[in-house]
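See structure below.
The values are calculated or read from the model by the stated rules, or taken from the named source; none is laboratory data. Keep in mind the model is a prediction, meaning the values are calculated, not measured. Neighbour counts are summed over all protein chains in view; Cβ atoms, including those assigned to glycine, are modelled from backbone coordinates with ideal geometry. These accessible areas exclude ligands, DNA and RNA; they are computed on the full protein's heavy atoms, side chains included. Shrake-Rupley method; radii C 1.70, N 1.55, O 1.52, S 1.80 Å.
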Amino acid sequence: STPAELRVPESAAYDPVTEAVYVSNYDGYNPSRGAGRQSIARVSLDGSRIETDWLTGVNNPTGLAVRGDRLFAVEPRQVVEIDPRAGTIVARHAVPGAAMLNDIAVAPDGALYVSDSGSSTVHRLKDGSVEAWLQTPKIVRPNGLHVVGDALVVGANGDRCLKVVDLTTKQVTPVATLPLGIIDGVKSDAEGNYLVSVNEGRLVRVTPAGEVTTLLDTTATRSGIADFDFIPGKKMVVFPTFLSSRVVAYTLE
């Protein structure tokens, strides 16, 4: 666990090349309104080094994702492309019609999928173009996204249901309804299951058959579990605690 030095940390993404964890300082109590007052932190994997304002000039960043030599950060209405080696912003990709962009996931073909919790849309950024890729009443208030093979796993908070979307046909298949709370992050473990965080402080494992098991519950300590990352080689879950201002890591035995 790091000291409480972050500002409403919302998402964490591990970069295996730099061996660092990038964390978005959402800073929800200081709305930027486009002024670029927020930042992204960089934390060493053992938590001993924290660069709270490693990258500045971003607007209330939420979801983070690493694709090759680029780090992507979600702002409310656009996606920021970052060079993590240089620590600079390379580009900003506007998402037309966006209401409240939230999480981001990378597909094997390099496409980026971005959830829009405000308009119940999943957008796709691919080959320089942006489109409203999925709009359906079957997925309301999408948040956590994760790509597994040819499927997009979506945490939909309209009905607190984890769902799988076929990337080719866009067919939506429910997997499981989760406990009370806001579905936040979604990842895969090393055994073919889904790991899902509930923002109020629960980490659960969901099997493909829909069996839900609680692995960690921090609700008693009022420490949230926001949009996390899972490092399979280390069997490690790294998550921001949101209102508790820290990043915490656990090993999953």
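Before we move on, is D189 open to solvent by less than 10 Å² (accessible area, probe 1.4 Å) and acidic (D, E)? No; evaluated as a whole, the condition is false for this residue.
Name the residue, out of K170, K126, K163, K138, that is of a type in the set (D, E, K, R), at pLDDT 95 or above and touching a Pro at 6+ places or on another chain (Cβ under 6 Å).
K163
Would you confirm, using the coordinates I've provided, whether V147 is part of a strand (DSSP E or B) and out of contact with any Leu (no Cβ under 7 Å at 6 or more places or on another chain)? So V147 passes the test. Among the residues of the stretch 78-96, those identified as open to solvent by 30 Å² or more (accessible area, probe 1.4 Å), more than 13 Å from L125 (Cβ to Cβ) and part of a loop (DSSP other than H, G, I, E, B) are R85, A86.
Each residue in the stretch 69-86 was checked for being within 14 Å of A20 (Cα to Cα), in contact (Cβ under 8 Å) with a residue 24 or more places away in the chain and in contact with a strand residue (DSSP E or B) (Cβ under 9 Å, 6 or more places away or on another chain), and 3 of them qualify. Which residues, counting only those in the stretch 15-44, are open to solvent by 40 Å² or more (accessible area, probe 1.4 Å) and of a type outside the set (K, R)? Scanning the stretch 15-44 gives P16, V17, T18, E19, Y26, Y29, N30, P31, G34, A35. Only one of the numbered conditions (1) exposed (fewer than 13 other Cβ atoms within 10 Å of the Cβ); (2) modelled with pLDDT of 95 or more; (3) of a type in the set (A, V, I, L, M, F, W, C) is violated by V147, and that is (1). Applying a threshold of 8 Å to beta carbon distances and a minimum spacing of six or more residues, or different chains, the list of pairs starting in the stretch 174-192 at a residue that is under 17 Å from V114 (Cα atoms) and assigned to a loop (DSSP other than H, G, I, E, B) and ending at one that is modelled with pLDDT of 95 or more and open to solvent by 30 Å² or more (accessible area, probe 1.4 Å) is empty.
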